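Structure, as structure tokens:
None of the figures in this text is laboratory data; all of them are computed from the coordinates on show. Everything numeric here is computed off the predicted structure, so don't read it as measured data. Cβ sites come from the backbone with ideal geometry, for glycine too, and all protein chains shown count toward neighbours.
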Amino acid sequence: MEKRFVYADNAATTALSESVLNAMMPYLTEQYGNASGVYSIGRRARRAVETAREKTALALGCNPSEIFFTSGGTESDNWAIQGAFRAFGSAEKNHIITTAIEHHAVLRTCEELEKQGAVITYIKPDRNGVVSPDEIEKAVTDKTILVSVMYANNETGVIQPVSETGCLCRRRGVLFHTDAVQAAPHITIDAGSLNADFISVSAHKMHGPKGIGALYIRDGIKLPPLMFGGGQEKGKRPGTENTAAAVGFGQAMSDIFPGLEKRNSHLVQMRKRLAEGLERTGRVTVNGDMSRALPGHLNVSVKNADGEALLLMLDLKGICASAGSACTSGDSAPSHVLTAMGLTPQEALSSVRFSLDSSITAEDVDYIINIFSEVLKKV
Ligand code: PLP
């Protein structure tokens, strides 16, 4: 079988698209002005940043005044959670609710706040990877400041019932944050109907550049800054604007919509083909409820195999996938997401995640299936 390169780790990061690169190029070269400068190349950079903000706002169904550029999903999560605790926390209000399956950008932030007096409730998902809004509601008390539930999980792709959660938070007078880093490339997000107060997004998961993301902060909510310095981003997020990255992000955001349904349905077909092919080995179990997962995610546990070892063997054949989340690669602790869903540590350690993007073809999928079956005979 001829060797191919098949990139199936789009949940970790994506390739920069041509349209994004083209949009960014002038701001990486001749349009280098500081967006806060008064001269013409500065004003042009300012216009570009504000246009990117408008595009991002349009994609999230909110006002441009509600979009704040950050360095990515991690910073957005940190800002929403730490900021809410700092602004609204007190001895009487010190409770935050989140889930056991959040990205470490949320979990580690919550752990840090525990050291500062916050009480955190971590709600577990069911076996399918879904966190019930009822369980969240039961955990709400008079002391609760914030609920943080991810829109879709990075390891399984399972989409959470965030609209219901947003609704209950609004009804109970509790702030609601959702980490939409994985969901945004595939789902039309509407900040208003979500009843979200904060939404985190990141460009590099949607064929945009690395190192830029945004936090949606609902108008009227006074979130203190994490950092101090210049007056950029209305004084809330100091530092010279990364014009080229902002332009790339805006472009990536507006590229999501044309053809979204077609791309998602292609992904669902390819994911189904992949799942069925892997299942034919008789050693694979799919993790998470695929009927409610992002279209390109497939997380499987493999009987009597080590996920990391499988990955290395797949890599030798040109296939990029991941075991657990990218942020834990190199660390062979079982995935906190899969163990929270009730998998044994052994089952979790044997997991492999494929995350496809729309460039995947049936031939690529068949190549993965063939190589995977070959590799399985050796482990
Ligand atoms: N949240 C989720 C759900 C993610 O999947 C990731 C990245 O893997 C992040 C946050 C962190 O985003 P970034 O890499 O932009 O900091």
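Annotations for the structure displayed:
- Using R0 = 41 Å, the C-beta based FRET efficiency linking residue 257 and residue 164 works out to 0.95.
- Residues 303, 234 in ascending order of nearby Cβ atoms (within 10 Å, fewest first): 234, 303.
- Pairs of Cα atoms farther than 18 Å apart, the stretch 219-290, %: 68
- Peptides 313-321, 65-73, 176-184 ordered by average Cβ neighbours within 10 Å, highest first: 176-184, 65-73, 313-321
- Summing charges over all other residues whose Cβ lies under 12 Å from the Cβ of residue 7, with Lys and Arg as +1 and Asp and Glu as -1, gives -3.
- In plain terms, the C-alpha convex hull of the chain casts an average shadow of 18.7 nm² when viewed from every direction.
- Packing-based exposure ordering (other Cβ within 10 Å, fewest first) of 1, 270: 1, 270
- Compared with the direct C-alpha span, the chain from residue 43 to residue 1 gains 9.6 nm at full extension, assuming 0.36 nm per residue.
- Highest-first arrangement of 137-145, 222-230, 290-298, 197-205, where packing means the average Cβ count within 10 Å: 197-205, 290-298, 137-145, 222-230
- Cα→Cβ-extended label distance, 7 Å offset, between residue 138 and residue 228, nm: 4.4
- Cross-link partners of residue 234 among lysines, defined as those whose alpha carbon lies under 16 angstrom from its own and excluding same-chain residues fewer than eight positions apart: 222.
- Cα shape, the stretch 94-230, gyration tensor, a/c 1.5 rule: rounded
- Considering only alpha-carbon pairs that sit under 8 angstrom and 6 or more positions apart, the relative contact order computed for the chain is 23 percent.
- Only DSSP H runs of four or more residues enter the estimate; each adds -39500 (n - 2.57), and after division by the residues of the chain the mean residue ellipticity at 222 nm equals -12500 deg cm²/dmol.
- Peptide packing: for 190-196, 94-100, 236-242, the average count of neighbouring Cβ atoms within 10 Å per residue gives the ranking 94-100, 190-196, 236-242, highest mean first.
- A straight line joining the Cα centroids of the stretch 77-140 and the stretch 39-63 runs 32 Å.
- Cα centroid separation, the stretch 167-194 to the stretch 1-31 (Å): 28
- Using C-alpha pairs below 8 Å separated by at least 6 residues, the relative contact order for the stretch 158-300 is 21 percent.
- Exposure proxy shown here: for 55, 93, 3, the number of other Cβ atoms within 10 Å sets the order, fewest to most, as 3, 93, 55.
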